[in-house]
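> Right, I'll just put the structure down here and ask away after.
Rule-based calculations on the coordinates, nothing more; no lab input. Keep in mind the model is a prediction, meaning the values are calculated, not measured. Don't worry about glycine lacking a Cβ; one is built from the backbone with ideal geometry, like all the others, and counts go over all protein chains shown.
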Amino acid sequence: VPSTWLTADKLSTKWPPFKSAQKIDSCVRSCETPGENWSDEICRVIKPYDNYDFARRYALPRSTITSDLSDMEDVISPKHPRKKNPRQIDNVNNYQ
């Protein structure tokens, strides 16, 4: 996100109300000034970049790897361990 969208403590950011990724990307590229209807979202700055294209190419893959989703319990439900099916082994002595 543009640094102008971040709060002074860099723990939250303003976020546009659009659902379209293209509109959001356009806002980011043009460093649009946040409006009154923009929401406040919690964020974490991993590393600042001066160039948008460079950041998208190199930082985006890192951000998805280093993101901590443990606080997003409603997004990912825990998986239950798969039960093993017991196999029936025929007794070799029964065939003789």
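> Please work out how much length the chain gains when fully extended from Asn51 to Leu6, using 0.36 nm per residue of separation minus the C-alpha to C-alpha distance, in nm with one decimal. Please report the intermediate quantities before stating the final value.
Values: separation 45, 0.36 × 45 = 16.20 nm, distance 1.67 nm.
Gain on stretching Asn51 to Leu6: 14.5 nm.
> Just flag the GluC sites (Glu not before Pro) in the stretch 1-58 sitting in loop per DSSP whose Cβ has no more than 11 other Cβ atoms within 10 Å.
Glu36
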